[in-house]
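A short worksheet on the structure shown next.
The values are calculated or read from the model by the stated rules, or taken from the named source; none is laboratory data. This one's a predicted model, so the numbers in the text were calculated from it and none came from an experiment. Here the Cβ is made from the backbone with ideal geometry for all residues, glycine too, and neighbour counts use every protein chain on show. Surface areas here come from the heavy atoms of the whole protein model, side chains and all, with no ligands, DNA or RNA. Shrake-Rupley method; radii C 1.70, N 1.55, O 1.52, S 1.80 Å.
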Amino acid sequence: MKKILVSTALLAGVLSYAGGFRVSLQGVRQLAMAHTSAHAEDASIAFFNPAGMSFIPSKLSIAVGGFAAGNKVTFQNTNTLQSTETDNPIGTPIYAAIAYRPVEKLSIGFSFSTPFGSTIKYPSDWEGKEMVQKLELKSYYFQPMISYKFNEWFAFGASYIYARGDVKWDKAVTQFSGSLNLDSKASGQGYGFGFYFRPDPKLDVSIAYRSPVDMKAKDGKATFNVPTSVFPSLGLNSSGQDSFSATLPLVEEYTVGLTYKITPKWLVSADFNYHGWERYSQLTLDFGQAPVGNSPSDPTKSISPKNFRNSKTFRLGTQYAFTNMIYGRLGAYYDESPYSDQHFIPETPSYNTYVFTGGVGFKLKQFGIDIAGGYALPQARDVKNDNLQFYGQSTATAFYLGLGLSYNPF
């Protein structure tokens, strides 16, 4: 019986929105200033640091927003000079948050966000088709939270995270002139907490932690589009299907941010993020019956080394108030890729990336309207993955546009 070695990349996203497959688009106002976090102006602070809710200048605050994120990845085989470009659809990360202060020192809130997810689509006949042809990921974070303000300058907050996700992954199985589709839902739990300081009216300091979330896919469906004569040897049912399970550790994140008001109209913000990608050392797909894995002890297990490493992001942003109603914003950040050239994988193409951002904000009494954009400059990579026998050069481009609304009624 032939063996099919199945490489794994479950729940992978695309491109370096924030290294690996973390999509760092959870606030339009924040994105305009390099996605910095120490801004307790409305409920959008909730995702970044639950403690920041205590410093929102109204008892009730609501914030919603969405983005259009486009990107293109190019891979060139440096021996044949053949190039491949992805045909990725526009991604649409969204967020919503509400914060309410029922009593003077206590705030409660809820955040909905999509911090992981995207789609990457290669031509079906490209040279890496056995690794990935198309991958679609959707993830949703639901976070109830609470914050307590101990005094005028310090608050602590915490949140619970419930995550849901969907993944659809297509790849070729050339040994049988067919393909494989993996389709699964996954879920996981985590938590977050943070400290927010305002020791001086000019200075905000935010320190936050968000835990990893193990996304567990227990009842995945693997559909083999191969000749029916192969079904018995692979243990497939009459529809060519098998089950599979897998667990993907989503990233933990440490953030330290500050905002300083240089003048009443002008402020600057800076953030440092530390991402715990090292937990993603390998990924295992455990099929129900199909002996398509590469584990010597269990042929139904497919184990793929990932060898991610911890990474950092440095952010700097600024805002200037032209009037009491109109604000201009700029930012820039540098985002490290979580793996080396030797571990480059086409399912999660990631690059050391410089990103430049900007936007404007309008305040109309209790209403706020924010517009932001970003342009990424990923650095080209020399792909040298010996494990996958995958060599060449990869480049990418990416941009983001966002529209956010906020309402602070009282």
**OP:** From (1) farther than 25 Å from Leu135 by Cβ; (2) in a loop (DSSP other than H, G, I, E, B), pick out the condition that doesn't hold for Leu236.
**Re:** (1)
Subject >> Lone qualifier among Asp335, Asp370 - being surrounded by 18 or more Cβ atoms within 10 Å (Cβ to Cβ), in contact with a Leu (Cβ under 8 Å, 6 or more places away or on another chain), charged (D, E, K, R) and closer than 21 Å to His35 by Cα >> reply: Asp370
Original post:
Which of the residues spanning the range 51-97 are in contact with a Gly (Cβ under 7 Å, 6 or more places away or on another chain), under 21 Å from Gln389 (Cβ atoms) and not in a strand (DSSP E or B)?
Top reply: Asn77, Thr78
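Among the listed residues Thr223, Thr247, Thr255, Thr259, which satisfies the condition of being touching an Asp or Glu at 6+ places or on another chain (Cβ under 9 Å), more than 30 Å from Pro102 (Cβ to Cβ) and modelled with pLDDT of 95 or more? Reasoning before the result, please.
Working: Thr247 fails: modelled with pLDDT of 95 or more; Thr255 fails: more than 30 Å from Pro102 (Cβ to Cβ); Thr259 fails: more than 30 Å from Pro102 (Cβ to Cβ).
Of Thr223, Thr247, Thr255, Thr259, the one residue that is touching an Asp or Glu at 6+ places or on another chain (Cβ under 9 Å), more than 30 Å from Pro102 (Cβ to Cβ) and modelled with pLDDT of 95 or more is Thr223.
Filter the range 80-108 down to the residues that are of a type in the set (S, T, N, Q) and over 28 Å from Ser24 (Cα atoms), then identify the one that is least open to solvent (accessible area, probe 1.4 Å). Working first, answer last.
At the first step, the residues of the range 80-108 found to be of a type in the set (S, T, N, Q) are 80, 82-84, 86, 88, 92, 107.
Checking which are over 28 Å from Ser24 (Cα atoms) leaves us with 80, 82-83.
On the way: Thr80: 89, Gln82: 107, Ser83: 69 Å².
So the residue we want is Ser83.
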**OP:** Give the number of residues within the range 399-410 that are touching an Asp or Glu at 6+ places or on another chain (Cβ under 8 Å), under 15 Å from Thr357 (Cβ atoms) and open to solvent by 50 Å² or more (accessible area, probe 1.4 Å).
**Re:** 1
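Of all residues being part of a loop (DSSP other than H, G, I, E, B) and not hydroxyl-bearing (Ser, Thr, Tyr) in the range 98-114, which is modelled with the highest pLDDT? Just the residue, please.
This residue is Lys105.
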**OP:** Write out, first by first residue and then by second, each pair whose Cβ atoms fall under 8 Å of each other, whose residues are 6+ apart or on separate chains, and whose first residue, in the range 312-328, is farther than 25 Å from Gln366 by Cβ while the second is of a type in the set (Gly, Ala, Ser) and in a loop (DSSP other than H, G, I, E, B).
**Re:** Thr313/Ala18; Thr313/Gly19; Thr313/Ser24; Arg315/Ala34; Leu316/Ala34
Subject >> Pick from the range 109-156, criterion in contact (Cβ under 8 Å) with a residue 60 or more places away in the chain, farther than 30 Å from Gln76 by Cα and open to solvent by 60 Å² or more (accessible area, probe 1.4 Å), ranking: nearest to the chain's Cα centre (by Cα) >> reply: Phe110
Original post:
For His343, which of the numbered conditions (1) modelled with pLDDT under 95; (2) surrounded by fewer than 20 Cβ atoms within 10 Å (Cβ to Cβ) fails to hold?
Top reply: (2)
Original post:
When the residues of the range 378-398 are filtered to those that are surrounded by 14 or more Cβ atoms within 10 Å (Cβ to Cβ) and among the hydrophobic types (A, V, I, L, M, F, W, C), which remaining residue is nearest to Gln342 (Cα to Cα)?
Top reply: Val383
**OP:** Look at Val360 and say whether it is touching a strand residue (DSSP E or B) at 6+ places or on another chain (Cβ under 7 Å), open to solvent by less than 60 Å² (accessible area, probe 1.4 Å) and more than 21 Å from Thr86 (Cβ to Cβ).
**Re:** yes
**OP:** Select the strands (runs of 3 or more DSSP E) contained entirely in the range 160-231, then report the ones holding at least 1 residues which are farther than 30 Å from Tyr148 by Cβ and in contact (Cβ under 8 Å) with a residue 60 or more places away in the chain.
**Re:** 178-200, 213-225
